[in-house]
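Participant: Supplied in structure tokens, the structure appears directly below.
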Amino acid sequence: MIANRISIFFAAVTIIATGIAGLSLLEKDPAIGFLSGALTLGGGILICGLFTLKMPWHGIAGAGVLALLGLCRGIMNLPDLPAYLSGVCERGNAPVLELAVTLICAILLIRMLRALSVERTRRMLAED
């Protein structure tokens, strides 16, 4: 349980830090948009982490849902990554930052699904 809570808080802080890093790596208007999105997603995950203090499974489920939303949004941004890697930098470093947030969300989603699956198995075995 503690490892799940730590991973939720770590993901939230990392996403928020990525948004702050975007301020210095991107142009002004895209940087503000990226920071706004990072603060929204990271803040939501942080709130879910706080929920785990009193209601652990509600916070874990909420973090999983937010990680799924972040992953889906990140997948929609991935088509810009090959152009960035080939040297065409229309949006600056934004594709790399978006990839980082996508990977963080994917890892968090997998951890939350694993935690919920383990708890479900534990409860099923406890009934028998």
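Participant: What percentage of the solvent-accessible surface of the stretch 1-41, computed with a 1.4 Å probe over protein heavy atoms, is contributed by carbon and sulfur atoms?
Facilitator: Within the stretch 1-41, the accessible surface is 73 percent carbon and sulfur.
Participant: Then there is this: Relative to the first principal axis of the alpha-carbon coordinates of the chain, what is the inclination of helix 56-77, with its axis defined by its Cα atoms, in degrees from 0 to 90 and to the nearest 10?
Facilitator: Relative to the chain, helix 56-77 is tipped by roughly 30 degrees.
Participant: So which residue, out of Val13, Val65, Val96, gets the largest mean-square fluctuation from a GNM of the chain using Cα contacts under 10 Å as springs?
Facilitator: So, out of Val13, Val65, Val96, the one fluctuating most is Val96.
Participant: Also: Suppose all protein chains stay in the model; what accessible area per residue would a 1.4 Å probe give for the chain, in Å²?
Facilitator: 60 Å²
Participant: Right, another one. Give the relative contact order (percent, whole number) for the chain; include only Cα pairs under 8 Å separated by 6+ residues.
Facilitator: So the answer I get is 28 percent.
Participant: Could you give the dipole magnitude of the chain about its Cα centre, charging the beta-carbon of Lys and Arg +1 and that of Asp and Glu -1, in debye to the nearest 20? Write down the numbers at each step before the final one.
Facilitator: Values: 10 positive and 8 negative charges, 90 e Å.
Result for the chain is approximately 440 debye, rounded to the nearest 20.
Participant: Would you mind checking the tilt of helix 2-25 against the longest principal axis of the Cα atoms of the chain, expressed as 0 to 90 degrees and rounded to 10?
Facilitator: Relative to the chain, helix 2-25 is tipped by roughly 10 degrees.
Participant: Rounded to the nearest 10 degrees, what's the angle between the helix 94-127 long axis and the longest principal axis of the chain, both from Cα atoms, 0 to 90?
Facilitator: Long axis of 94-127 versus the principal axis of the chain: about 10 degrees.
Participant: Which one, Arg111, Arg91, Arg73, has the greatest fluctuation when you compute a Gaussian network model over the chain with C-alpha springs under 10 angstrom?
Facilitator: Arg91
The values are calculated or read from the model by the stated rules, or taken from the named source; none is laboratory data. Please read these numbers as outputs of a predicted model, since none were measured by experiment. Reconstructed Cβ throughout: ideal geometry from the backbone, glycine too, with neighbour counts over all protein chains shown. Areas reflect the complete protein model, heavy atoms only, side chains present, ligands, DNA and RNA absent. Shrake-Rupley method; radii C 1.70, N 1.55, O 1.52, S 1.80 Å.
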